[in-house]
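Shown next, in structure tokens, is the structure this report addresses.
The values are calculated or read from the model by the stated rules, or taken from the named source; none is laboratory data. The shown structure was predicted, so the numbers you read here are calculated from the model rather than taken from an experiment. Neighbour counts run over all protein chains shown; Cβ positions are idealised from the backbone, glycine included.
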Amino acid sequence: MAFDPQLPLAAAPHALNGEGWLQAGELGLALVLSAIIGLEREIRQKNAGLRTHTLVGVGAALFMLISKYGFTDVLVPRQVVLDPSRVAAQIVTGVGFLGAGLIFVRRDSVRGLTTAASIWVTAAIGSAAGAGLPVLAALATAIYFLVAVAFPMATHRLPRSATAISALRVRYPDGRGILRDVLREATTRGFAIDDVATESLGYRQPAHGTGGSAAERPMVQVELHVHGRDSVNELAAALSELDDVDAVLASDVNAIDE
């Protein structure tokens, strides 16, 4: 039976439907690659982990497959023409809203950007798998791990700017003048202090072996924004050695959620 180009594609025996093992394999590829990325996020205990990334990647791939093969029964040569790229554009927009929900701002600190970006890249990888571009999908997955794993190790070796602001969170019992010691230690090491904010954490039982009384004591957390050429991690280590300091956490004030 010869194929008449004037007939709808649904009438052609080889184009009844775009559904088959090839499409199932492309969807499976999106599942595997997006799950790999989600596993990395899950191990880092991020809000968007294995399930979120896997569903985003599979969903994007399914949308691409629907766009490519889901309308073969209504296509008519020179009469009905569809543009599969329109679905890809809508995936970008829709995933953008999903990623925006993972970003939040607290004071001057922005968090969740890397996780939001990973969601966006996972959608692109799923779209590539659904579009029949397995090499690009696999390559993009490899690039993601290069950026997520190798880049942080490289950036830690870069020289620090004297104007780069870091955040220090120090937790200690209230009423013992520890803040004064913290500020003195920071300035002695050449750090300039840009901002200081304190927060009451309520009462907490002291740890055994610290020499404290058995009664609960009020705890305070102070957040310092500092900048200097020395390593803020070394400053954090020095602060943790101060008497009665319970915990110290150092990060970039514009911390991107790695």
Open item on the list: Consider region 56-86. How many of its residues are farther than 15 Å from Leu133 by Cβ and either basic (Lys, Arg) or modelled with pLDDT under 75 (or both)?
Closed with: 15
TODO: Return the total of residues in region 87-131 being hydroxyl-bearing (Ser, Thr, Tyr) and modelled with pLDDT of 80 or more.
DONE: 3
- [ ] For residues that are exposed (fewer than 13 other Cβ atoms within 10 Å of the Cβ), farther than 26 Å from Glu216 by Cα and of a type in the set (Gly, Ala, Ser), tally how many sit in region 161-189.
- [x] 2
